[in-house]
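The structure appears right after this line, and notes come after that.
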Amino acid sequence: MLNRIAFIVKVRNYLMEKIIERYIKEIITEYPGIAAILDEYKIGCTGCSVGTCKLRDIIEIHGLSEADERALFSKIAAIIFPGQTVAIPKLPRKIAGQANQKKFSPPIKMLVDEHTNIKYVLGAIPGTVQLIKENRPEGLALAKKAIEFIRNYADKFHHAKEEEILFKLFDETTDIIATMNKEHEIGRSHVRAAAGAIDKMDLAGIEEHLTAYAALLAEHIRKEDEVLYPWMDRALTDSQVGILYGKFAEVERAFGDEPERLAAFARTLTDE
Ligand SMILES: [Fe+2]
Ligand SMILES: [Fe+2]
């Protein structure tokens, strides 16, 4: 029979092993200090609007090295079991490799470049809202142009490539992909609400929904550029990269000159 101390250690190890299966938002609520540790490893879960990822998936998706994974778990263990010894779990990885690649494959690079144009428009939203609050007519005109861009470029053109093509190559029930799809939906509802507020000249509604959309999408793009796309690029085979490129090219052909016209509008909003 196990003595009392050995039994306590066994329970602690079991709880530590189980923590990796728990939802990250839940863990942070219970142990707020863990948020700062995740930030230290650039795992920005605190700003996530959905929060359905498990700790184990977050660590795999961020492609931490084994040494960093161990150091991260040790810091988490020190918060949950301060001053106590606990066995550090090791994750079996579904996708090998670390998040140290700098170069994206050509189709993923296309999506990253589209993000740049989307970010130009997101960056103009605070100024647009300010103009609207000052009752300047150019504010409303700019808001309408921004909504046209978001609907046709960010959503129909860019999100269609993600939702209809790229994400379909992966298990869409994976937490991070489900979160991305959910955020696209939340974004759409803000855009619908902002457009409705413009029709009713509801200035507070325009401000609320455009501002919420800009914050949501800026964080969404950061997660895709820094976490999701590098993870997907590590997982894609050469033949999948080729298929992706071909399918994206079909989308480009179907949309004709429209995306470039909208991208040109986005570029007018930046000094870069
Ligand atoms: Fe997305
Ligand atoms: Fe995206």
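Remark: the N181-E164 segment gains 5.0 nm on full extension, using 0.36 nm per residue and subtracting the alpha carbon distance.
Net charge around A195, counting only other residues with Cβ within less than 15 Å of its Cβ (Lys, Arg = +1; Asp, Glu = -1)? Spelling it out: positives minus negatives among the neighbours equals +1. Each Cα pair under 8 Å and six or more residues apart adds its separation to the average, and for the range 115-228 the resulting relative contact order is 31 percent. Charging the Cβ of each Asp and Glu at -1 and of each Lys and Arg at +1, and nothing else, the dipole of the range 189-237 about its Cα centre rounds to 120 debye. The ranking of K18, K119 from fewest to most other beta carbons within 10 Å of each one's beta carbon is K18, K119.
Three principal axis extents of the chain based on alpha-carbon atoms, in descending order, are 78, 47, 30 Å. Between A143, H159, I108, the Cα set farthest toward the positive side of the dipole of the range 105-207 (charges on each charged residue's Cβ, about the Cα centre) is that of A143.
The lysines whose alpha-carbon is closer than 19 Å to the alpha-carbon of K200, local same-chain residues fewer than 8 away aside, are K133, K144, K145. Note on the range 128-272: Rg/Rh from C-alpha atoms, Kirkwood Rh, equals 1.01. Calculate the length of the line joining the C-alpha centroid of the range 112-150 to that of the range 18-43, in whole Å. Taking the Cα centre of the range 18-43 as reference, the centre of the range 112-150 is 35 Å away. Relative to the current alpha-carbon distance between E252 and D271, full extension at 0.36 nm per residue lengthens the span by 4.2 nm. Within straight-line reach of K156, meaning a Cα separation under 18 Å, sit the following aspartates and glutamates at least 8 residues removed in sequence or on another chain: D113, E114, E148, E164, E183, E185, E224, E250, E252, D257, E258, E260. Membrane-span-like helices in the chain, defined here as complete DSSP H runs extending at least 24 Å along the helix axis by their C-alpha atoms with mean Kyte-Doolittle hydropathy no lower than 0.0, are 106-133, 203-223, 238-255; this is a sequence and geometry rule, not a statement about a membrane.
Computed over the chain, relative contact order equals 23 percent, with contacts defined as Cα pairs under 8 Å that lie 6+ residues apart.
Every number in this text was worked out from the coordinates using simple rules, so none of it is lab data. Just so you know, these numbers come straight off a predicted model, no measurement behind them. When we count neighbours, we look across all protein chains shown, and the Cβ atoms used for this are built from the backbone with ideal geometry, even at glycine.
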